[in-house]
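Chemist: Here it is, the structure in full.
Any read-out appearing in this document is the output of simple, stated calculations on the displayed coordinates, not a laboratory observation. Model, not experiment: these values are computed from the prediction. Note that we place each Cβ from the backbone using ideal geometry, even for glycine, and neighbour counts take in every protein chain shown.
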Amino acid sequence: MVSDLGRIRTFLGEQHPPTPCLVVDPALVAARAREFVDMFPGGRVRYAVKANPAPEVLDEVLAAGAGFDVAGRAEIELCLARGADPAKLAYGNTIKKPADIEFAYARGVREFTSDAESDVENLARYAPGSAVYLRLLLDTPASVTPFGRKFGCEPAMALELLLRAAELGLRPGVSFHVGSQQLDVSAWDIGIAAAAKVFAQAEAHGVVPERLNIGGGFATAYRESAPSLAEYAAGIEASLRKHFPGRLPELTLEPGRAIVADAGVIRTEVVLVSRKSATEERRWVYLDIGRYNGLAETENEAIAYRFEPVEDRGGPGGPVIVAGPTCDGDDVLYQRTPYEMALSLRAGDRFDIPGTGAYTASYSSVDFNGIEPLRTYCLGRAADAG
């Protein structure tokens, strides 16, 4: 198999697809999904479909033996259409209508996440006997893209909901999420410690939880380095043994970015290079991709992507502000994050943006400014790469 981004580079060099576009190599998805399955033996690996729902991506995750973290009807239908076992679907969205629960249950989904009493009662009514994770709200080290307080509840309330779920005939467990692109491995120790306390308190009330869902958040390297999957796995295993010394819980994890980000490259073209005054040092570089057609994660400059020039003009570089193509004032990618590009840069020059297989095409708008969603090319099946 061609390693790294070789197949993507070959495709771009031979096919010259119109920009902007995302090219994904399923061989890299397959390798990463298998790595997760191998690193967490006995754990339920549930790929977060929202990261990249391309059918070719789902096929490789499925072939690796993993399941799926789904957020609603469309993702359930998509996964089932690819041949997924409904028993390997985890409905991870805490925000759902009763009709959505009923829909999922009718199609065989038996694993849900909740953080509200009314939702627990809806699960008992429309998904009787199902497994339900009660999601904790934690104070963990800040991730690159944190969730704030939108999901989860304080541990004391989670305990109440857990006991209520058991009373209603559901099979309760505990879950948490340390935030997307979490670079601090110790964050999981905080979550596992909090979960272990809820487990112990539940057992004191005669309820024995079986399952622990540690969510996603596994980071990938953009401009900054990130821990290896082996470092994450070792830290999580050590925390589980420390906080659950008598009996390890059944483990579920929901990686998304870490499975598919590095399998994709966006190619983009420079539309315009300009200055706002004769004395301003920084040039404005406008690309044909921006926040609304693929680079949504540049909001607040959270994710700092790498821009690799296709045409290496050489010569000195200078500071730039990078912006997207739309007539929207918020479509500015980087003003505070320092970037330099060649002083000889001109319209028509191209850049490759690696690490963009996750949260790009799935985030792009439908028709803002008449711009179509990010065009995606998936290369041949992973088996064909050998």
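Chemist: Within the range 45-142, which GluC sites (Glu not before Pro) sit in a loop by DSSP and count at most 16 neighbouring Cβ atoms inside 10 Å?
Modeler: Hits after loop and neighbour filter: nothing returned.
Chemist: Further question on the same structure: Sorting check: for 238-245, 356-363, 164-171, 284-291, which peptide has the highest mean count of neighbouring beta carbons within 10 Å, and how do the rest follow? Don't skip to the answer; put the middle values down first.
Modeler: On the way: 238-245: 15.5, 356-363: 25.4, 164-171: 17.4, 284-291: 22.5.
Taking the mean over residues of other Cβ atoms within 10 Å, the ranking is 356-363, 284-291, 164-171, 238-245.
Chemist: Could you compute Rg(Cα) / (2.2 N^0.38 Å) for the range 262-385, with N its residue count?
Modeler: Against the compact-globule rule of thumb, the ratio is 1.09.
Chemist: If I model a spin label as a point 7 Å beyond the Cα along the Cα-Cβ vector, how far apart are those points for A156 and E237 in nm?
Modeler: So the two model labels end up 3.8 nm from each other.
Chemist: Among the trypsin sites (Lys or Arg not before Pro) in the range 297-377, which ones are in a DSSP loop with at most 11 other Cβ atoms within 10 Å of the Cβ? Mind listing them?
Modeler: Loop-located and lightly packed - R346.
Chemist: So if the hydrodynamic radius of the range 66-138 is defined as the Kirkwood radius over C-alpha pairs, what does Stokes-Einstein give as its diffusion coefficient at 37 °C and 0.692 mPa s, in µm² per second?
Modeler: After rounding, the answer is 272 µm²/s.
Chemist: Compactness ratio of the range 1-127: Cα Rg over 2.2 N^0.38 Å, N = residue count?
Modeler: That works out to 1.25 for the range 1-127.
Chemist: Which of the trypsin sites (Lys or Arg not before Pro) found in the range 57-161 are in a DSSP loop and have at most 11 neighbouring Cβ atoms, other than their own, within 10 Å?
Modeler: Sites meeting the loop and neighbour criteria: R149, K150.
Chemist: Excluding residues on the same chain fewer than 8 positions from K150, give the lysines whose Cα lies under 30 Å from its Cα.
Modeler: The reachable lysines, counting only those whose Cα sits under 30 Å from K150, are K50, K88, K96, K97, K197, K242.
Chemist: If you don't mind, there's one more thing I want to ask. What would the Debye formula give as log10 I(q)/I(0) at q = 0.17 Å⁻¹ for the alpha-carbon point model of the range 81-228, no solvent?
Modeler: Ignoring solvent entirely, the Cα scatterers give -0.94.
Chemist: With the chain treated as a Gaussian network of Cα nodes joined by springs under 10 Å, which of V270, V45, V57 yields the largest mean-square fluctuation?
Modeler: For the chain, modelled as a Gaussian network with Cα springs under 10 Å, the answer is V270.
Chemist: Quick one: Debye curve from the C-alpha atoms of the range 268-313, no solvent, what's log10 I(q)/I(0) at q = 0.32 Å⁻¹?
Modeler: The calculated log intensity ratios at q = 0.32 Å⁻¹ are -1.14.
Chemist: Here's another thing I want to ask about it. To the nearest µm²/s, what D does Stokes-Einstein give for the chain at 37 °C and 0.692 mPa s, using the Kirkwood radius over alpha carbon pairs as Rh?
Modeler: The diffusion coefficient I find is 149 µm²/s.
Chemist: From the Cα trace of the range 211-303, what convex hull volume per residue do you get, rounded to a whole Å³?
Modeler: Cα convex hull per residue, to the nearest whole number: 143 Å³.
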